[in-house]
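Quick notes on the structure that follows.
Each value in this text was obtained by applying a stated rule to the coordinates, not by laboratory testing. Predicted model only: the values in this text are computed from it and were never measured. Cβ atoms come from the backbone with ideal geometry, glycine included; neighbour counts cover every protein chain shown.
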Amino acid sequence: MASGNNEQLDVVVVGAGFAGLYLLHRLRRLGLSAKLLESADDVGGTWYWNRYPGARCDIESIDYSYSFDPELEAEWRWSERYATQPEILRYLKHVADKHDLRRDILFKTRVAAAKWNGGTSSWTVSTQQGGEFRCRFYVMATGCLSQPKAPDINGHGRFLGRSYYTNRWPHEGVDFSGLRVAVIGTGSSAVQSIPIIAEQAAELTVFQRTPNFSRPARNGLVSAAKMAAYNSDRVAYREAARWSATGVPMSVSTLSALQVSDGERLAAYETAYASGDLLAFGAAYSDIIVNPAANKTVCDFLCGKIRGIVRDPETADALCPKDHFYGTKRPCIDTHYFETYNLPHVRLVDLCKEPLHSITECGIDTELRSFTFDAIVHATGFDAMTGAIVAVDIEGREGLSLKDKWAEGPLTYLGLSTVGFPNLFLITGPGSPSVLSNMAVSIEQHVDWVSNCIAHMRREGFDEIEATPAAESAWVQHVNDYADVTLFPRANSWYMGANVPGKPRVFLPYIGGVDRYRKACEEVVDRGYLGFTFKGARETRCNDGAIRRVQPDVAVLLETIEALKLPAVETLSVVAARALSGAMGAGRPPGPDVGEIIDGVLPGAAGELPYRLYRPKTPGRKPVVCYFHGGGWVLGAADSDDPFCRDLCVRTDAIVVSVGYRHAPEDRFPAAALDAFAAVKWIAAHAAGLGAEPAGRLAVCGWSAGGNLAAVACQLARGAGGPHIAGQVLVNPVTDWDLTHGSGVENAEGYLLTRALMQWFWDHYADVPDRADPRASPLRAKDLSGLPPALIVTSEFDPLRDQGAAYADALAAAGVASRHLPCRGHIHTSLVAVDVIISGEAARAEIAAALRGFLGTAPT
Ligand code: N01
């Protein structure tokens, strides 16, 4: 009988790498019966299989190691900054021995299938060796980069010489002396192995499809500074790692790469380059991974270094990445990688110029040439993150196959669990930071979370746990939202599943950072396992809900502002509030360049009003957008929404005139409303003088209180019989004074514009009896017919959301061509925060498209 038949266990774990070993240890400490199934004949996981020459970690070993055992930390000494594969494997074997883990590990045991039995709340796990286990919990600790990518090169298997695979390297090692060797691939495995293979081979030919960013690792002894930081207080050091963005304690700049002088940036990049630290460039500036122009500064710097090392200009050029932004495919650190191409017996074949045709009996054919080799090394990578999980036939509730469920991409809650598969846990699964972090830290966090969850269930008498569909879909949305504010989705990387033919193009890990992710996981628990259903003999307890709903960049903004511990504006004097709002605006990104900016004055309802005019770069007379800034009728000025006005000008190709109307409390209602209407009339009449189309097309736009004024100006123009307004775009407008229900209550606090602040604005602006006047609350107008076509933009987490939506509905009901654009996950200030809230891009594009439509300048 194969080992394990009929065995009843609390937990079965698959995989004896970093994750499986620690999990087994934790489960034992909980007094659970557990078995770990491993296809290899020893522990190690990744570090068991990837024995190619030069294999070593590229996160410093001090960081890339367990933190759960202080004794282990004290006794183990890494011989190098980046330990070799044999040393890391020795470490894992030592951990297995120290904690006597092997007695619960079945080696040479490959899991074939796992099936959920609803009646008994248990899994049946069967192995290729014929074993069968019953367990309550089934955990895939199979690693993110463990399933080799299936060969996808024509003629694979035809080669009569020696074939090697970096991810399945012979244990006895390989001697390439005197051989003609080919390496296919230039990812991390190739970058590490090529210099060493070149030392032995008679000839080495590298077949490169995509060049990779790499730079010197500067390996050696662990630096004294690092040792001191680690040894002075290991507990604090590890805690800092747990609450860092990447799982390695380091400071990350809050400056944009575009905010500093060329000299300052160059110095920062030289320091990053000299550090040999994989993460240094990502940490050098805050926007490397979100802003193409910022990222390009890194690309240019690193390509400059490649050209400085590689002597042959054509080879150097071929080695410079051109098709992806830095970091969007995993970068490498190396030891003499680029120098290797200066050796006379090493050549590079650029598959972009001569695509690989096939592997032949004697070598490799490109579309231009035939090559003969004695050995071919395949360094072609993995079916990352999902490959090893769906390689097992996992069947959940009602016969649902995990492979089928994930056919369009993995769906998980927190990367830990997936709906339809109760009591299945994934360690560093898709949707968790995993491969974008120090794996050791992420593994420990997942193992701790899963073990604590199982302990909780035992205490509470529950047999089953399963994520809810709402929690899972919200998490998947959040993972995608995060990816979408970065440059990652633009690359054909394994992060996107793009390296495996036919794999759905989905961003697989979570880019929000180890710290934010840990916070989300802890919050899930603190909020009573939000998003999970527990079942037991006595009760079923479902605590449905989404853990993250705000757009990721909005959440970062909220965190940043909260950390500033600013006073609530409504507690300040008007003078202090204006000073604070001015100071907050001063440090923001400037927005795009426009052709020209002119400040002027125009006649308002009772005296001159300042205006700022933005003219596009393109030649010719243009239509006009008359813009009203936000600030609750109390704060702001003609230039206070400068980045948004520039953005509008560039996107609409129209002249934007931002009007500085009179403010409360100095000039209370209806001063601002009358000024807004006076400004629209004057601009319409003086369009030619402003360089716009004479008697041309005019639309109005405004944000917040400015949206209120734009709406009111349209109503006043209708009442006065002109001027003609082609359309109105109201962004998060104030349309009514009443905030006592719906979003006014739901979003009363926590999203910058609070209900209390809105109340403060109203108190300064209008007496209570005046507030129902349609010139203050345009939603209260008796008749909304005949108004210009409208786009009303609202944000999900804005106290003003419902009144904006109500205005859109009321306009439509009155026969006005009105469209409502609700912005999911956004707050009141999201859309005007150009180059800060990148997730607001799509809405800004729609706003501009609507204005172009109203003005008749939409591209056909
Ligand atoms: O695999 P890869 P890897 N024809 O996918 C090329 C981790 N790791 O094993 O980019 C021609 O990165 C492919 O080309 P392209 C690390 O996270 C860590 O090197 O798809 N070429 C690419 O150049 C790493 O990212 C460490 O155009 C083909 C290469 O093969 C991950 O594991 C060390 C091809 C594959 O590169 C994977 O690294 C090693 C084809 N048909 C690995 N198919 C450290 O800790 C693929 N390629 C240091």
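Observations on the model:
- Label-point gap, in nm, between Ala224 and Glu354 - each point 7 angstrom along Cα→Cβ: 5.2
- Per-pair calculated FRET efficiency, R0 = 51 Å: Glu270 and Arg29 via Cβ, rounded to 0.05: 0.60
- Segment Asp783..Val601, full-extension length gain: 62.2 nm, with 0.36 nm per residue of separation and the alpha-carbon distance subtracted.
- Cα gyration tensor shape for the range 635-684, rounded if a/c is under 1.5, else prolate or oblate: oblate
- For Asp312 and Asp152, the FRET efficiency from 1/(1 + (r/R0)^6), where r spans their Cβ atoms and R0 equals 25 Å, is about 0.25.
- Compared with the dominant principal axis of the Cα atoms in the chain, helix 469-484 is inclined by about 80°.
- Calculated FRET efficiency for the pair Ser232/Glu75, C-beta based, R₀ 22 Å, to 0.05: 0.80
- Lys/Arg +1, Asp/Glu -1 at C-beta; the range 637-734 dipole; positive extreme among His663, Pro723, Phe644: Pro723
- Cα-based helix-to-principal-axis angle, 671-685 vs the chain, degrees rounded to 10: 90
- Within the range 151-180: backbone nitrogen closer than 19 Å to the Ala202 label point (7 Å, Cα to C-beta): 160-164, 174-180
- Relative intensity, log₁₀ I(q)/I(0), of the chain from a Debye sum that treats every alpha carbon as a point, q = 0.06, 0.09 Å⁻¹: -0.49, -0.98
- For the pair Ser473 and Arg527, the difference between a 0.36 nm per residue extended length and the Cα-Cα distance amounts to 17.6 nm.
- Paramagnetic reach from Arg621 in the range 699-723 [backbone N under 19 Å; point 7 Å along Cα→Cβ]: 699, 723
- Dipole magnitude (debye, nearest 20) for the range 703-820, charges at Cβ of Lys, Arg, Asp, Glu: 420
- Peptide packing: for 430-442, 824-836, 782-794, 343-355, the average count of neighbouring Cβ atoms within 10 Å per residue gives the ranking 430-442, 824-836, 782-794, 343-355, highest mean first.
- For the pair His741 and Arg668, label points projected 7 Å from Cα toward Cβ lie 2.8 nm apart.
- In order along the range 118-130, phi translates into HN-Hα couplings of x, x, 10, 6, 8, 9, 10, 10, 10, 10, 5, 7, x Hz, rounded to whole numbers, per the Karplus curve 6.51 cos²θ - 1.76 cosθ + 1.60 with θ = phi - 60° and x for Gly and Pro.
- Each of Leu368 and Ala579 was given a label point 7 Å from its Cα along the Cα-to-Cβ line. The distance between the two points is 6.8 nm.
- The listed peptides 109-116, 304-311, ordered by packing as a protection proxy, come out as 109-116, 304-311 (highest mean of other Cβ atoms within 10 Å first).
- Of all DSSP beta bridges confined to the chain, the antiparallel ones make up roughly 40%.
- Dipole magnitude of the chain, debye to nearest 20 (Cβ charges: Lys/Arg +1, Asp/Glu -1, about Cα centre): 740
- Rounded to the nearest 10 degrees, the inclination of helix 292-309 to the longest alpha-carbon principal axis of the chain is 40 degrees.
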